[in-house]
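The numbers here are math on the coordinates, done by the rules we state, and not lab data. Because the structure is predicted, anything quoted here is derived from the model rather than measured. Using ideal geometry, Cβ is built from the backbone for each residue, glycine included, and neighbour counts are taken over all protein chains shown.
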Amino acid sequence: MSLLDWFADRRKTAPLVRAAPENDEGDGLWSKCPECAEVVYRKDLLANASVCSACGHHHRIDSEERLRLLMDPDSFVESDAGLSPTDPLTFKDRRAYADRIRDSQQSTGMRDAVVCGIGRLEGFSLAVAVMDFRFMGGSMGSVVGEKLTRLIETATAKRLPVLVVCASGGARMQEGMLSLMQMAKVSGALERHRSQELLYIPLLTHPTTGGVTASFAMLGDLILAEPKALIGFAGRRVIEQTLREKLPDDFQTAEYIQDHGFVDAIVPRTKLRSTMASLLELHGQVA
């Protein structure tokens with residue numbers, strides 16, 4: 001057997017080694033930062049809003065943790081919690097869409113990829129929507145669009161500011177045009193909200209891409225982002241192949257987007273609550 005044949009056989013029989021996930025839980029007591037490899041006590045990480053104290057890396061957090069960090073205790077009242085997606089196109093790729101929905105609901109305990117409601121932040125009343133990347137990549141389907149629209153319309157009627165925490169891969173392809181329609185529907189609700197001179201702030205977290213970026217994520221009166229969040233429409237590789245040129249290393253990061261005028265401020269998660277309270281006060285909200 002030649003040396004090349006031996007290596008070919010080894011590739012066929014060698015076990016597949018997968019990279020560790022971003023949030024390496026370890027034994028549950030310790031967490032390893034994917035950015036700087038610092039190992040920290042998990043309780044300390046959570047106490048610092050899941051931000052690495054060594055390098056500032058913002059670990060991905062779920063909607064429940066986000067609401068805990070943002071809202072006053074016991075003030076958040078969820079709306080439209082019972083809305084659940086259907087499969088109008090009977091869509092199937094490698095798996096049936098109905099199976100993907102069921103698996104995501106079982107693994108996350110959520111009905112779909114956004115939690116909406118009204119609560120208080122440092123005493124200020126506001127409408128809040130938090131997208132959750134765990135549910136099919138935070139993709140926007142009919143239910144996500146409907147819940148966001150209803151929340152914004154309620155905020156308009158009650159004259160409340162709106163905060164949407166974005167974390168999404170974009171429109172949900174399994175719903176086709178019905179998903180893309182949500183871009184216009186949510187944008188229309190935001191225009192009616194804006195016409196009443198009411199405040200809308202999107203917070204762009206890692207990642208915010210696709211149809212979400214192309215609609216409500218970029219329509220804020222003030223657009224905030226977390227440090228180093230990936231923000232864009234098409235993927236880096238698609239853009240490079242289309243333009244036939246190499247893009248900057250920091251392309252589509254929050255810092256790059258801010259330098260080019262699409263983001264107003266980059267706010268570390270540990271300072272988001274106080275920053276939001278200041279913005280609400282400056283806008284004339286009454287606590």
Backbone N under 14 Å from the LYS158 label point (7 Å along Cα→Cβ), restricted to the range 67-88: 72, 75-81
Loop sites in the range 46-140: trypsin sites (Lys or Arg not before Pro), DSSP, at most 13 other Cβ within 10 Å: ARG94, ARG95
Cα gyration tensor category, rounded, prolate or oblate, for the range 90-246 with a/c compared to 1.5: oblate
Unsatisfied cross-links (Cα-Cα over 26 Å) in the set LYS228/LYS271; LYS185/LYS246; LYS43/LYS271: LYS185/LYS246
Of all DSSP beta bridges in the range 61-282, antiparallel share, percent nearest 5: 45 percent
For log10 I(q)/I(0) by the Debye sum over Cα atoms at q = 0.09, 0.11, 0.14 Å⁻¹, calculated from these coordinates, the label among (1) -0.48, -0.70, -1.10; (2) -0.40, -0.61, -1.02; (3) -0.60, -0.81, -1.09: (1)
